1. Could we say that CYS22 is under 15 Å from ILE144 (Cα atoms) and surrounded by 14 or more Cβ atoms within 10 Å (Cβ to Cβ) here?
2. Does at least one position in the stretch 109-120 carry a residue that is part of a loop (DSSP other than H, G, I, E, B), touching a Lys or Arg at 6+ places or on another chain (Cβ under 7 Å) and in contact (Cβ under 8 Å) with a residue 12 or more places away in the chain?
3. Could you please give the count of residues in the stretch 43-76 that are away from the ligand (no atom under 15 Å from the Cβ) and under 16 Å from ALA21 (Cβ atoms)?
4. Being among the β-branched types (Val, Ile, Thr), within 16 Å of the ligand (Cβ to nearest atom) and closer than 22 Å to GLU81 by Cα is the filter here; which residues of the stretch 108-146 pass it?
5. If we scan the stretch 77-85, do we find a residue that is hydroxyl-bearing (Ser, Thr, Tyr) and either within 12 Å of the ligand (Cβ to nearest atom) or assigned to a strand (DSSP E or B) (or both)?
6. Restricting the stretch 45-73 to residues that are more than 18 Å from LEU32 (Cβ to Cβ) and in a loop (DSSP other than H, G, I, E, B), which is least open to solvent (accessible area, probe 1.4 Å)?
7. Would you please name the residue that is most open to solvent (accessible area, probe 1.4 Å), looking only at residues in the stretch 95-131 that are farther than 16 Å from PRO43 by Cα and of a type in the set (Ser, Thr, Tyr)?
8. Of (1) more than 14 Å from the ligand (Cβ to nearest atom); (2) more than 16 Å from LEU26 (Cα to Cα); (3) open to solvent by 80 Å² or more (accessible area, probe 1.4 Å), THR40 satisfies all except one. Which?
Amino acid sequence: MKKIFLIAVFSAFLSANIYAACSQDLVVNDTLYYDIKEITIDPSCKEFTINMKHTGKAVKAAIGHNWVLAQKADMQSIITEGMKQGLKNDYLNKKNPKVLAASKMIGGGEKTSVKFSLSKLKKGTDYMYFCTFPGHLTMRGTIIYK
Ligand code: CO
């Protein structure tokens, strides 16, 4: 009985600490979708990394994609403000404190990574990730953080 308990504790330790994947790979292409619609962030992670690859052929100016993290409630205002920033600023005001993390905008054949601290995230708040390229309304994903 004691042995089983110890194995259970050890397994929990392994899954919580050693096997917590504190990163997520994403693939985008010439369509307006991320290949993953939901990303789970393990609360035991201190920081999290997104690695995104654009496997399409379109240049950034035509079908560019980025990965931006914000509270769900702030998403629309960030996108609206971003449109005014133009392609040279990746259609994003990176100084807006509501932007919790943001990759650069990439085109076909490019890849990017963004690492961010989880100290800004609170459990129980709704977070989304999205692309701020104008019109990329279907590029939305949900963050699971609890
Ligand atoms: Co996009």
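The values are calculated or read from the model by the stated rules, or taken from the named source; none is laboratory data. The shown structure was predicted, so the numbers you read here are calculated from the model rather than taken from an experiment. Cβ: placed from backbone, ideal geometry, glycine included. Neighbour counts: every protein chain shown. Note: accessible area is taken over every heavy atom of the protein model, side chains too, but ligands, DNA and RNA are not part of it. Shrake-Rupley method; radii C 1.70, N 1.55, O 1.52, S 1.80 Å.
1. Numbers: under 15 Å from ILE144 (Cα atoms): yes; surrounded by 14 or more Cβ atoms within 10 Å (Cβ to Cβ): yes.
Considered against the rule, which asks whether it is under 15 Å from ILE144 (Cα atoms) and surrounded by 14 or more Cβ atoms within 10 Å (Cβ to Cβ), CYS22 comes out as yes.
2. We begin by selecting, within the stretch 109-120, every residue part of a loop (DSSP other than H, G, I, E, B); these are 109-110.
Filter once more, keeping what is touching a Lys or Arg at 6+ places or on another chain (Cβ under 7 Å): none.
No: the stretch 109-120 contains no residue that is part of a loop (DSSP other than H, G, I, E, B), touching a Lys or Arg at 6+ places or on another chain (Cβ under 7 Å) and in contact (Cβ under 8 Å) with a residue 12 or more places away in the chain.
3. Filtering the stretch 43-76 down to residues away from the ligand (no atom under 15 Å from the Cβ) leaves 43-49, 51, 70-74, 76.
This time we only want the ones that are under 16 Å from ALA21 (Cβ atoms), so: 43-49, 51.
Number satisfying all stated conditions: 8.
4. First, pick out the residues of the stretch 108-146 that are among the β-branched types (Val, Ile, Thr): 112, 114, 125, 132, 138, 142-144.
Now restrict to residues that are within 16 Å of the ligand (Cβ to nearest atom): 112, 114, 132, 138.
Within the stretch 108-146, VAL114, THR132, THR138 meet the criteria.
5. Narrowing the stretch 77-85 to residues hydroxyl-bearing (Ser, Thr, Tyr): 77, 80.
Going one step further and asking which of them are either within 12 Å of the ligand (Cβ to nearest atom) or assigned to a strand (DSSP E or B) (or both), we end up with none.
Looking through the stretch 77-85, none of the residues is hydroxyl-bearing (Ser, Thr, Tyr) and either within 12 Å of the ligand (Cβ to nearest atom) or assigned to a strand (DSSP E or B) (or both).
6. CYS45
7. Step one: list which residues in the stretch 95-131 are farther than 16 Å from PRO43 by Cα, which gives 95-114, 128-131.
Then keep just the ones that are of a type in the set (Ser, Thr, Tyr); that gives 103, 112-113, 129.
On the way: SER103: 6, THR112: 16, SER113: 73, TYR129: 0 Å².
Here the answer is SER113.
8. Exception for THR40: condition (2).
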